[in-house]
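S.K.: First the structure, then my questions, so here it is.
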Amino acid sequence: MRTARTTRWLATVPMAALAVATVYPLVFTTNVALKTRHDYILDRFAPTPAAHWDNFAEAWANAGVSQYFVNSLIAVTCAVVLLLLLGSMAGFALSHLPFRGSRALFLACLAALFIPFQVIMVPLARTMTGMGLIDTYPGLILAYVAQFLPFTIYLMTSYYSGIPADIVDAARIDGSSVYGVYRRIMLPLGAPALLSVGVLDALFCWNDVLIALLLMPSAQHRTLMVGITSLRGQYSDDIPTFAAGVLIAAVPILVVYLVFQRQIADAVTAGATKG
């Protein structure tokens with residue numbers, strides 16, 4: 001009994017410390033965002049004496065956060081839709097429609113997961129410049145799709161591999177085309193995986209800074225994370241407003257994680273439990 005209790009404490013104390021270290025920055029940022037500039041200068045760590053909500057209005061309207069938010073929303077939504085469409089089609093083909101080179105293609109997608117973006121950023125920038133896609137939504141969306149499609153294909157292929165081939169064969173015998181099997185059978189059966197992968201892809205795209213900074217240099221086309229980064233210099237003497245902008249950027253991600261945390265965990269472990 002004593003050994004079990006000791007073991008429990010040895011596991012609980014580090015996890016509690018990790019939880020505090022994770023939550024404290026959010027609590028600190030919220031406290032700073034609710035302070036006036038004067039209160040922050042007096043004591044940045046003290047609890048705010050009264051909530052000052054004007055910082056959020058200042059960040060949203062005058063600091064350009066509203067435009068950054070819209071830019072991110074457009075790019076992320078379009079990119080995730082394309083990722084799920086292409087990833088589900090490729091996953092279906094690689095798992096249930098074997099063809100010459102399909103195994104090599106899957107391994108190539110798997111290998112692409114290990115290539116850092118920094119390795120391809122210069123060729124990508126030159127290609128996008130040559131195609132006239134710098135500082136455009138299509139350019140950023142295509143870059144997101146290219147960067148995160150191997151991950152999406154890998155997880156969808158792993159999930160679809162767990163679906164019995166007899167289901168596909170029965171549908172083909174009944175006269176369904178390949179597209180019909182995909183639309184009527186594989187998409188409904190793959191809905192849980194699509195939701196999980198879609199949430200992860202949305203998080204990846206929303207949190208991206210490097211790709212957006214490279215392909216969307218102008219101020220009016222900045223994504224939210226790039227825009228928030230630029231506010232640090234613009235509001236170096238007004239940290240509460242900067243903190244309010246950081247919270248505005250963090251809240252959508254926090255809400256998505258709290259709502260879909262189970263799907264995120266399922267997506268992370270899909271490759272180990274399927275196939």
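S.K.: Write down the Kirkwood hydrodynamic radius of segment 104-192, to one decimal in angstroms, obtained as one divided by the mean of 1/r over all alpha carbon pairs. Can you show the working numbers first?
M.R.: On the way: mean 1/r = 0.0636 Å⁻¹.
Final number for the Kirkwood radius of segment 104-192 is 15.7 Å.
S.K.: Treating the beta-carbon of each Lys and Arg as +1 and of each Asp and Glu as -1, no other charges, what is the dipole magnitude of segment 1-63 about its Cα centre, to the nearest 20 debye? Intermediate results must be reported in sequence, preceding the final value.
M.R.: Numbers: 6 positive and 4 negative charges, 117 e Å.
So the magnitude is around 560 debye.
S.K.: Would you kindly state how much longer the chain becomes between Val13 and Ala57 on full extension, computed as 0.36 nm times their sequence separation minus their alpha carbon distance, in nm to one decimal? Numbers along the way, then the final one.
M.R.: On the way: separation 44, 0.36 × 44 = 15.84 nm, distance 3.98 nm.
Length difference between fully extended and current span is 11.9 nm.
S.K.: Something else about it: Per residue, how much accessible area does segment 60-124 have with a 1.4 Å probe, in Å²? Before the final figure, lay out each step's value.
M.R.: Numbers: 3580 Å² over 65 residues.
On a per-residue basis, 55 Å².
S.K.: While we're here: Nearest 20 debye, what's the magnitude of the dipole of the chain about its Cα centre given +1 on Lys and Arg Cβ and -1 on Asp and Glu Cβ?
M.R.: Working: 16 positive and 13 negative charges, 158 e Å.
In total the dipole reaches around 760 debye.
S.K.: At Leu42 and Leu107, where each label point lies 7 Å from the Cα along Cα→Cβ, what is the point-to-point distance in nanometres?
M.R.: Rounded to a tenth, the inter-label distance reads 6.8 nm.
S.K.: Using Cα-Cα distances under 8 Å and only pairs 6 or more residues apart, what relative contact order does the chain have, in percent?
M.R.: 31
S.K.: Taking the Cα atoms only, what angle lies between the long axis of helix 224-234 and the longest principal axis of the chain, rounded to 10 degrees?
M.R.: Result, in degrees: 20.
S.K.: Shifting gears a bit: Once you have the alpha carbon radius of gyration of segment 1-110, what is it after dividing by 2.2 N^0.38 Å, with N set to its residue count?
M.R.: Working: Rg = 25.1 Å, N = 110, 2.2 N^0.38 = 13.1 Å.
That ratio works out to 1.91.
S.K.: Using the alpha-carbon atoms, what tilt in degrees (0 to 90, nearest 10) does helix 102-112 show relative to the longest principal axis of the chain?
M.R.: That works out to roughly 10 degrees.
S.K.: What spacing in nm lies between the two simple spin-label points modelled at Met131 and Thr6, each 7 Å away from Cα in the Cβ direction?
M.R.: 6.2
S.K.: Can you give the Rg to Rh ratio of segment 54-274, both from alpha-carbon atoms, with Rh computed by the Kirkwood formula?
M.R.: Numbers: Rg = 20.0 Å, Rh = 19.1 Å.
Ratio of gyration radius to Kirkwood radius for segment 54-274: 1.05.
S.K.: Any chance you could give the angle, 0 to 90 degrees and rounded to 10, that helix 65-96 forms with the longest Cα principal axis of the chain?
M.R.: 20
S.K.: Want the number for Thr30 to Met121: 0.36 nm per residue separation, take away the alpha-carbon distance, what's left?
M.R.: On the way: separation 91, 0.36 × 91 = 32.76 nm, distance 3.48 nm.
Result: 29.3 nm gained on full extension.
S.K.: Another question, then. What is the magnitude of the charge dipole of segment 100-230 about its Cα centre, with +1 placed on the Cβ of each Lys and Arg, -1 on the Cβ of each Asp and Glu, and no other charges, expressed in debye to the nearest 20? Working shown, then result.
M.R.: Values: 7 positive and 6 negative charges, 42 e Å.
Charge dipole, segment 100-230, about its Cα centre: 200 debye, nearest 20.
S.K.: Under a Cβ-Cβ cut-off of 10 Å, what is the net charge of the residues other than Gly245 that fall near it, where Lys and Arg count +1 and Asp and Glu count -1? All intermediate terms of the calculation are to be shown ahead of the outcome.
M.R.: On the way: positive: Arg232; negative: Glu58.
Surrounding charge for Gly245 is 0.
S.K.: For segment 45-171, what ratio Rg/Rh do Cα atoms give with a Kirkwood hydrodynamic radius? Intermediate results must be reported in sequence, preceding the final value.
M.R.: Details: Rg = 21.1 Å, Rh = 18.0 Å.
Taking Rh as the inverse mean 1/r over Cα pairs, Rg/Rh reads 1.17.
S.K.: Would you work out what percent of the accessible area of the chain, with all protein chains in place, is carbon or sulfur (probe 1.4 Å)? Display every interim value, and only then the final one.
M.R.: Working: 10440 of 15280 Å².
Ligands and nucleic acids excluded, carbon and sulfur reach 68 percent.
S.K.: Projecting each Cα onto the charge dipole of segment 54-274 (Lys/Arg +1, Asp/Glu -1 at the beta carbon, about the Cα centre), which of Gly233, Gly64, Thr152 comes out farthest on the positive side?
M.R.: Selected residue: Thr152.
S.K.: For n ≥ 4 DSSP H runs only, could you compute -39500 (n - 2.57) per run for the chain, divide by its residues and tell me the 222 nm figure to the nearest 500? Intermediate values should be presented prior to the final figure.
M.R.: Details: 13 runs with 205 residues, N = 275.
Rounded to the nearest 500, it is -24500 deg cm²/dmol.
The values are calculated or read from the model by the stated rules, or taken from the named source; none is laboratory data. Remember, predicted model here, so these are calculated numbers, not experimental data. Don't worry about glycine lacking a Cβ; one is built from the backbone with ideal geometry, like all the others, and counts go over all protein chains shown. Remember, those area values only see protein heavy atoms, side chains included, never the ligands or the DNA or RNA. Shrake-Rupley method; radii C 1.70, N 1.55, O 1.52, S 1.80 Å.
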